[in-house]
Amino acid sequence: MIPSNCTFCGLCCTLTVRLSRKDIQQIEKGSGRKREEFAVADADGKPLLKRENGWCTFFKREGGIGLCAIYENRPGNCREFPGKRLCDLAENPIYKHLSDNSENKRVKMLLKNAPISETPDTAIEEAKRKAAEAFKQTS
Ligand code: SF4
Ligand code: SF4
């Protein structure tokens, strides 16, 4: 579910995403990419989505907005994120609410390198409008 305050900042696409067998089959079928191209194993050998320079291998940015290249076939964890009506990370373009724990420090470093500052206000407003519409349709 897209949270109603989503700004499409894409920060959630820097997080660790566990993959189920069904996720892997769906992504292979939908994207034409093989498992070894988009999945890596964690310390226990369980599959995770591959990240490149900290961002999910399927993340792309168009017009300053973060998008998913496999949106229709995205993993279950991505579909469920954030699992509530509002995203706590929605202010991330200025990340003023992030505390300084080690995970957030990593995220802040990533954001520094992401072209979020190029996001035009109008694109953000349009994205918010679309997110609100999507939220109304799914709630
Ligand atoms: S699969 Fe899509 S929604 Fe999930 S982390 Fe990657 S880019 Fe983001
Ligand atoms: S506002 Fe939240 S759900 Fe929307 S893209 Fe950013 S981190 Fe992801």
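Distant-in-sequence amide contacts of Ile2, defined by a placed amide H-H separation under 5 Å and a gap of 5 or more residues or a different chain, comprise nothing. Our coupling estimate for segment 67-83, obtained by passing each phi through the Karplus curve with A = 6.51, B = -1.76, C = 1.60 and θ = phi - 60°, is 10, 9, 6, 10, 3, 5, 10, 5, x, x, 5, 5, 4, 7, 5, x, x Hz, Gly and Pro reported as x. For Ala39, the residues whose modelled amide H falls within less than 5 Å of its own, excluding neighbours fewer than 5 places apart on the same chain, are Lys50.
The protection proxy used here, the mean number of other Cβ atoms lying within 10 Å of each residue, ranks peptides 31-40, 9-18, 73-82 as follows, highest first: 9-18, 73-82, 31-40.
Bear in mind these aren't lab numbers, they're just calculated from the coordinates by the rules spelled out. All of these numbers come straight from a predicted model, not from anything done at the bench. Methodologically, a virtual Cβ is constructed for each residue, glycine included, from the backbone with ideal geometry; neighbour enumeration extends over all protein chains shown.
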